[in-house]
Amino acid sequence: MRISRRASDLATSSTLALDGRVKALIAGGADVVNMAVGEPNFPAPAAAAAAAIAKIESGHVRYTPAAGTPELRRALAEHLTATREHPFAPEHVVVCHSGKHALSGALLCLVEPGDDVLVPLPAWVSYVELIRLAGGRPVEIAPIGGARPDLAAIRAAITPATRGILLNTPNNPSGYVWTRDEVRELSALAIEHDLWILSDEIYRRLIFDDTTFTSPLAFAAELPGLAERVVIIDGASKSFAMTGYRIGFAAGPPDLIAAITRLHSQTTGSPNAVSMAAYEAVLREEPPEVEAMRAEYAARRALLLAGLTELGLEYVRPDGAFYAFPDVRPYCDERGAAGFCEDLLDEVGLALVPGDAFCLEGYVRLSYALSMERVEEALVRLGRFLESRRAAT
Ligand code: PLP
């Protein structure tokens, strides 16, 4: 059967592929600490499960409007108004099957063939593939020190073909949280050059110490024209540990939201009615599990960062998400971070994701979405591996 060029050119998500390989090894009895996961290791809040069960038992599990139930759109608009320093109405929101679905919908509705989209690195695996799928050209912008945005380089990369920019704060894979000044400068650039900003805020609630999260919309009152060019992507997967519920949303100007709704009405129909009920419940109830998870991540993060520092690895402080992204170039051979990760898995049974999965060679992503004991064990294994590398040189 002839497969379309569009599908043939699409790479499989490297993190999902790696995660599948590691899980198969573990299922086969291998002793592996899996730090390659991009998924919370907590159950979803009890309120989510209760609302989902009640929805099923009600018997009202039918098609809904393509943009989602009016109740959930209203709950999301209220939630956004309360958290993004900017007012939202239900017509600014389209409920989607996940953050990924919201992102692909937005890109398919914004990108024309030949458009350039700026992607500050490191960048989550799906961005560049989805931009290409939409016919655009991802323009990757190297960071400073493996994580900090280089705003001068972003400015220098803008050409007449540039249409938009992808912002992801807190960032996957680095955990970096853009400062208020950085987000403001990017927002001003977008207005100056007539660009849209696709702001992936899926890790917004997972933020540590006294760090604060800033959405570009925080500057909407100060920078006229900004609100018309910002699209937010978010969902239940990370903040509420609801990955398997597959529910998320895009929020932005009503004409774009209507376009995404048309696209989804033809491709995926209406979102999952059970998951929408669960999402609405956690948004309205703010379950206690959310803060408990965040506090537990904070403790694991402290342990991991102290361990990485002791091992002499360099990294930009990850103040959000559940990842760290240290520089392993001193330990790499010609195979780069991919070879480092292969040997690490083979020799000491520790699974990490190489930075090239995020378009940045020489770094590795460690996820601390696993228990304190497993984080401790991971540090012991990593220490043993680095020691053997040092001894070999
Ligand atoms: N954005 C980022 C930065 C992510 O890391 C992920 C998931 O790993 C997503 C979006 C998509 O999440 P989901 O499709 O589960 O909502």
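Against the definition (assigned to a strand (DSSP E or B) and assigned by TED's automatic domain parsing to the domain that holds L217), how does I165 come out, yes or no? Here the answer is yes, as I165 does meet what is asked. Return yes or no: is A44 without any contact (Cβ under 8 Å) to a residue 24 or more places away in the chain and closer than 28 Å to R300 by Cα? No; evaluated as a whole, the condition is false for this residue. When A378, A324 are checked against the criterion of being surrounded by 15 or more Cβ atoms within 10 Å (Cβ to Cβ), closer than 30 Å to I141 by Cα and at pLDDT 95 or above, a single residue qualifies: A324. Screening the candidates E71, E129 for the property of being farther than 19 Å from L360 by Cβ, in contact (Cβ under 8 Å) with a residue 12 or more places away in the chain and charged (D, E, K, R) yields one hit, E71. Condition check: surrounded by fewer than 17 Cβ atoms within 10 Å (Cβ to Cβ), over 19 Å from R62 (Cα atoms) and touching a Pro at 6+ places or on another chain (Cβ under 7 Å). Does E289 satisfy that? Here the answer is no, as E289 does not meet what is asked.
Let me confirm something: among S367, S388, which residue is over 10 Å from V33 (Cβ atoms) and at pLDDT 95 or above?
That would be S367, the only listed residue that is over 10 Å from V33 (Cβ atoms) and at pLDDT 95 or above.
Looking for something within 16 Å of the ligand (Cβ to nearest atom), part of a helix (DSSP H, G or I) and either closer than 30 Å to M35 by Cα or modelled with pLDDT under 95 (or both) - is there at least one such residue anywhere in region 149-159? No; the residues of region 149-159 include none that is within 16 Å of the ligand (Cβ to nearest atom), part of a helix (DSSP H, G or I) and either closer than 30 Å to M35 by Cα or modelled with pLDDT under 95 (or both).
Residue-by-condition table, conditions (1) buried (at least 22 other Cβ atoms within 10 Å of the Cβ); (2) not assigned by TED's automatic domain parsing to the domain that holds T212:
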residue	(1), (2)
G29	no, yes
V32	no, yes
I56	no, no
Y63	no, no
C96	yes, no
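Across region 327-348, what is the number of residues that are buried (at least 24 other Cβ atoms within 10 Å of the Cβ) and more than 21 Å from G175 (Cβ to Cβ)? Count: 0.
Pairing residues of region 238-249 that are free of Cβ contacts under 8 Å to residues at least 60 places away in the same chain and hydroxyl-bearing (S, T, Y) with residues that are within 9 Å of the ligand (Cβ to nearest atom) and in a loop (DSSP other than H, G, I, E, B), at Cβ distances under 9 Å and at least 6 apart in sequence or on separate chains, gives S239/I202; S239/Y203.
Filtering region 120-148 to residues that are outside any loop (DSSP other than H, G, I, E, B), at pLDDT 95 or above and within 12 Å of the ligand (Cβ to nearest atom) leaves Y127, L130. Scanning region 171-228 for residues that are of a type in the set (G, A, S) and either touching an Asp or Glu at 6+ places or on another chain (Cβ under 8 Å) or over 17 Å from V117 (Cβ atoms) (or both) returns S174, G175, A188, S215, A218, A220, A221, G225, A227.
On the stretch given as region 175-195, residues that are touching a Leu at 6+ places or on another chain (Cβ under 9 Å) and of a type in the set (S, T, Y) total 1.
One residue stands out in region 204-246 among those that are among the polar types (S, T, N, Q) and surrounded by fewer than 24 Cβ atoms within 10 Å (Cβ to Cβ): the one that is nearest to E286 (Cα to Cα), namely S239. Among the small types (G, A, S), away from the ligand (no atom under 16 Å from the Cβ), farther than 29 Å from L16 by Cα and in the same structural domain as I247 (by TED's automatic domain parsing), is that true of A89? Yes, satisfied. The residue that is surrounded by the fewest Cβ atoms within 10 Å (Cβ to Cβ), counting only those in region 349-365 that are of a type in the set (A, V, I, L, M, F, W, C) and in a helix (DSSP H, G or I), is A357.
Of all the criteria given as (1) at positive phi; (2) within 16 Å of the ligand (Cβ to nearest atom), the one not satisfied by G312 is (2). When L379 is tested against (1) touching a residue at least 24 places away in the same chain (Cβ under 8 Å); (2) in contact with a strand residue (DSSP E or B) (Cβ under 7 Å, 6 or more places away or on another chain); (3) assigned to a helix (DSSP H, G or I), exactly one condition is not met: (2).
For the condition within 16 Å of the ligand (Cβ to nearest atom), outside the structural domain of Y323 (by TED's automatic domain parsing), surrounded by 24 or more Cβ atoms within 10 Å (Cβ to Cβ) and in contact (Cβ under 8 Å) with a residue 24 or more places away in the chain, L186 does not qualify. Restricted to region 217-267, and to residues there that are among the hydroxyl-bearing types (S, T, Y) and at pLDDT 95 or above, the residue that is nearest to the ligand (Cβ to nearest atom) is S237. Answer with yes or no whether E112 is modelled with pLDDT of 95 or more, more than 16 Å from the ligand (Cβ to nearest atom) and among the charged types (D, E, K, R). Answer is yes for this residue. Suppose the filter is hydrophobic (A, V, I, L, M, F, W, C), surrounded by 20 or more Cβ atoms within 10 Å (Cβ to Cβ) and away from the ligand (no atom under 14 Å from the Cβ); does W196 pass it? Yes, satisfied.
The values are calculated or read from the model by the stated rules, or taken from the named source; none is laboratory data. Quick caveat, the model's predicted, so the values are computed rather than measured. Note: ideal-geometry Cβ built from the backbone for every residue, glycine included; neighbour counts use all protein chains shown.
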